[in-house]
Amino acid sequence: MNNKTLAIIKPDAVGNGFTGKIMDRIISSGFSIKAARLLHLSREQAERFYEVHKERPFYQDLVDFMTSGPCMPMALEKENAVAEFRQLIGATNPVEAAEGTIRKDFAESVQNNAVHGSDSDKNSEKEIAFFFSSNEILN
Ligand code: IDP
Ligand code: MG
């Protein structure tokens with residue numbers, strides 16, 4: 001089992017001033033932040049990151065949203081990190097997200113849903129490598 005996952009505090013949450021509150025939730029839920037940066041994704045980066053959704057009707061809007069302002073990718077560590085983080089953030093659509101989850105409390109809509117979390121160990125490795133080289137990740 002991989003113990004890392006890739007989180008992104010998305011542009012809506014950064015723009016709404018929720019970065020610190022979301023980081024606090026993450027840390028107090030037992031994750032350690034092994035890498036973090038603030039960056040404004042280029043269109044090319046956002047298209048590549050969400051390439052699996054290329055054929056979905058919301059793809060172009062999603063790319064517009066993810067390039068609309070700065071975001072904060074983070075490599076997080078915890079036992080069973082992928083599943084634990086998906087549980088902490090809640091369902092994709094905040095209307096369906098459980099009470100106390102990050103998306104329930106901070107998301108604006110199904111698209112502007114505050115945070116990203118990897119969906120498998122294979123993707124977490126790929127997604128962490130998308131944003132961080134190995135010498136940028138704490139041991
Ligand atoms: P996830 O982020 O919960 O894993 P995915 O299905 O992988 O959800 O979708 C990636 C992102 O695409 C979502 O987090 C959200 O920002 C956006 N998205 C997903 N479904 C919709 C939709 O039906 N309308 C608009 N945006 C969507
Ligand atoms: Mg996903």
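Could you please let me know if Glu99 is open to solvent by 70 Å² or more (accessible area, probe 1.4 Å), over 14 Å from the mean Cα position of the chain (by Cα) and within 17 Å of Arg25 (Cβ to Cβ)? Before you say what the answer is, go through the steps one by one.
Numbers: open to solvent by 70 Å² or more (accessible area, probe 1.4 Å): yes; over 14 Å from the mean Cα position of the chain (by Cα): yes; within 17 Å of Arg25 (Cβ to Cβ): yes.
When the stated conditions are applied, Glu99 passes them.
Since Glu84 meets every condition but one in (1) within 9 Å of ligand 1 (Cβ to nearest atom); (2) open to solvent by 60 Å² or more (accessible area, probe 1.4 Å); (3) closer than 15 Å to Ser29 by Cβ, which condition does it not meet?
Just one mismatch for Glu84, condition (1).
Among the residues that make up the stretch 54-71, is at least one of them aromatic (Phe, Trp, Tyr), open to solvent by 60 Å² or more (accessible area, probe 1.4 Å) and out of contact with any Cys (no Cβ under 7 Å at 6 or more places or on another chain)? Even if it seems obvious, please write down each step before you answer.
To start, the set of residues in the stretch 54-71 that are aromatic (Phe, Trp, Tyr) comprises 58-59, 65.
Pick out the ones that are also open to solvent by 60 Å² or more (accessible area, probe 1.4 Å) and you get 58.
If we keep only those that are out of contact with any Cys (no Cβ under 7 Å at 6 or more places or on another chain) as well, we get 58.
Yes, there is a match, as at least one residue in the stretch 54-71 is aromatic (Phe, Trp, Tyr), open to solvent by 60 Å² or more (accessible area, probe 1.4 Å) and out of contact with any Cys (no Cβ under 7 Å at 6 or more places or on another chain).
Tell me which residues, restricted to the stretch 102-120, are open to solvent by less than 60 Å² (accessible area, probe 1.4 Å) and either away from ligand 1 (no atom under 12 Å from the Cβ) or over 18 Å from Tyr50 (Cβ atoms) (or both).
Answer for the stretch 102-120, where residues must be open to solvent by less than 60 Å² (accessible area, probe 1.4 Å) and either away from ligand 1 (no atom under 12 Å from the Cβ) or over 18 Å from Tyr50 (Cβ atoms) (or both): Ile102, Phe106.
Before we move on, is Phe132 closer than 20 Å to Ser42 by Cβ, surrounded by 15 or more Cβ atoms within 10 Å (Cβ to Cβ) and away from ligand 2 (no atom under 16 Å from the Cβ)?
Numbers: closer than 20 Å to Ser42 by Cβ: yes; surrounded by 15 or more Cβ atoms within 10 Å (Cβ to Cβ): yes; away from ligand 2 (no atom under 16 Å from the Cβ): yes.
Considered against the rule, which asks whether it is closer than 20 Å to Ser42 by Cβ, surrounded by 15 or more Cβ atoms within 10 Å (Cβ to Cβ) and away from ligand 2 (no atom under 16 Å from the Cβ), Phe132 comes out as yes.
Without any contact (Cβ under 8 Å) to a residue 40 or more places away in the chain and farther than 22 Å from Asn2 by Cβ - does that describe any residue in the stretch 78-93?
yes
Looking at the stretch 2-24, which of its residues are open to solvent by 40 Å² or more (accessible area, probe 1.4 Å), within 16 Å of Thr101 (Cα to Cα) and in a helix (DSSP H, G or I)? Quick ask: steps written out before the conclusion?
The initial filter retains those residues of the stretch 2-24 that are open to solvent by 40 Å² or more (accessible area, probe 1.4 Å), namely 3-4, 15-18, 20-21, 23-24.
Cutting the leftovers down to within 16 Å of Thr101 (Cα to Cα) gives us 18, 20-21, 23-24.
Answer for the stretch 2-24, where residues must be open to solvent by 40 Å² or more (accessible area, probe 1.4 Å), within 16 Å of Thr101 (Cα to Cα) and in a helix (DSSP H, G or I): Gly20, Lys21, Met23, Asp24.
Do we have any residue at all in the stretch 25-32 that's in a helix (DSSP H, G or I), open to solvent by less than 30 Å² (accessible area, probe 1.4 Å) and within 16 Å of ligand 2 (Cβ to nearest atom)? Walk me through it before giving the result.
Step one: filter the stretch 25-32 for residues in a helix (DSSP H, G or I), giving 25-28.
With the extra rule that they be open to solvent by less than 30 Å² (accessible area, probe 1.4 Å), the set shrinks to 26.
Now restrict to residues that are within 16 Å of ligand 2 (Cβ to nearest atom): none.
The answer is no, given that none of the residues of the stretch 25-32 is in a helix (DSSP H, G or I), open to solvent by less than 30 Å² (accessible area, probe 1.4 Å) and within 16 Å of ligand 2 (Cβ to nearest atom).
The values are calculated or read from the model by the stated rules, or taken from the named source; none is laboratory data. If you're wondering where the values come from, they're calculated on a predicted model, not measured in any experiment. No Cβ is skipped: glycine too gets one built from the backbone with ideal geometry, and neighbour counts run over all protein chains shown. Each accessible area value is taken on the protein alone, full model and side chains, heavy atoms only, with ligands, DNA and RNA left out. Shrake-Rupley method; radii C 1.70, N 1.55, O 1.52, S 1.80 Å.
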